[in-house]
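Shown below is the structure under consideration.
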Amino acid sequence: QYARPTINSYMFGNAQALAAIARIKGDENTAKKYDEKASEIKNLVQSQLWNNDSLFFETLRKPQEFALVREAIGYIPWYFNLPDNKANYAQAWRQVKDEGGFLAPYGLTTAERRHPEFRSHGCCKCEWDGAIWPFATSQILTAMANLLNNYKQNVVNDSVYFRHIELYVESQY
């Protein structure tokens with residue numbers, strides 16, 4: 001229903017994979033088609049889903065109307081190395097070190113802790129609003145590894161990454 005960083009990032013990754021498969025097959029026309037599709041998706045994610053006010057990739061509830069909440073899904077673009085290597089995009093990662101952001105005693109939450117609706121929707125349903133979720137954490141950790149390995153930035157370092165790996169392991173108990 002909404003334009004989301006997740007789904008669009010997955011489509012970007014799929015387009016890149018299809019282009020690579022076409023190249024292996026020797027089909028340059030198909031590779032070009034999917035390269036262009038990946039480029040189009042990348043441009044749309046960066047121009048439409050990046051909220052300059054929150055410095056985060058956010059869900060759009062209506063055209064040009066952000067959800068106004070940072071959700072862990074805003075890190076999925078880095079899972080696919082989608083964002084350009086720009087300092088403003090890297091600022092999103094400040095939230096993994098902030099207790100008002102995603103940093104919690106047992107790991108990364110699925111929504112920022114400072115949001116007024118954090119953990120307000122009860123338990124045991126499809127919860128966008130806060131609880132740690134190992135699947136989401138594993139995606140964020142991969143995205144953070146990509147940030148550390150493939151981007152020039154000074155927001156997170158290997159110590160931050162290692163601490164989140166420790167929290168992830170501890171959360172499995």
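The values are calculated or read from the model by the stated rules, or taken from the named source; none is laboratory data. From a predicted model like this one, the values you see are computed outputs, not experimental measurements. Please note: Cβ atoms are built from the backbone with ideal geometry, for glycine as well, and neighbour counts cover all protein chains shown. Surface areas here come from the heavy atoms of the whole protein model, side chains and all, with no ligands, DNA or RNA. Shrake-Rupley method; radii C 1.70, N 1.55, O 1.52, S 1.80 Å.
For residue 142 and residue 53 in one chain, what is 0.36 nm times their gap in residues minus the Cα-Cα distance, to one decimal in nm? Before the final figure, lay out the partial values.
Numbers: separation 89, 0.36 × 89 = 32.04 nm, distance 2.54 nm.
The span from residue 142 to residue 53 would gain 29.5 nm if fully extended.
Same structure again: How far apart, in nm, are the 7 Å Cα→Cβ label points at residue 161 and residue 1?
It is 3.7 nm.
I would also like to ask the following. Nearest 0.05, what FRET efficiency do residue 98 and residue 39 give at R0 = 25 Å with Cβ-Cβ as r?
Numbers: r = 33 Å, r/R0 = 1.30.
Computed FRET efficiency for residue 98 and residue 39: 0.15.
So, R0 is 35 Å and r is the distance between the beta-carbons of residue 85 and residue 173; what FRET efficiency does that work out to, to 0.05? Please report the intermediate quantities before stating the final value.
Numbers: r = 37 Å, r/R0 = 1.06.
The calculated FRET efficiency here is 0.40.
With +1 on each Lys and Arg Cβ and -1 on each Asp and Glu Cβ, how big is the dipole of region 1-71 about its Cα centre, in debye rounded to the nearest 20?
Working: 10 positive and 9 negative charges, 32 e Å.
For region 1-71, the charge dipole is close to 160 debye.
While we're here: In nm, to one decimal, how far is the modelled label at residue 25 from the one at residue 152, with both set 7 Å along Cα→Cβ?
So the label points at residue 25 and residue 152 sit 3.8 nm apart.
Rounded to the nearest 20 debye, what is the charge dipole size of the chain about its Cα centre when +1 sits on each Lys and Arg Cβ and -1 on each Asp and Glu Cβ?
Values: 19 positive and 19 negative charges, 46 e Å.
Dipole of the chain, to the nearest 20 debye: 220 debye.
How high is the relative contact order of the chain, in percent, counting Cα pairs under 8 Å that sit 6 or more residues apart? Before the final figure, lay out the partial values.
On the way: 246 pairs, mean separation 33.7, N = 173.
So the answer I get is 19 percent.
Using the heavy atoms of the protein chains alone and a 1.4 angstrom probe, what is the accessible area of region 17-173 per residue in square angstrom? Mind showing how you got there, number by number?
On the way: 8850 Å² over 157 residues.
On a per-residue basis, 56 Å².
Sorted by average packing, counted as other Cβ atoms within 10 angstrom per residue and highest first, what order do 37-48, 158-169, 91-102 take?
Values: 37-48: 16.2, 158-169: 13.7, 91-102: 18.3.
So the peptides 37-48, 158-169, 91-102, ranked by packing, come out 91-102, 37-48, 158-169.
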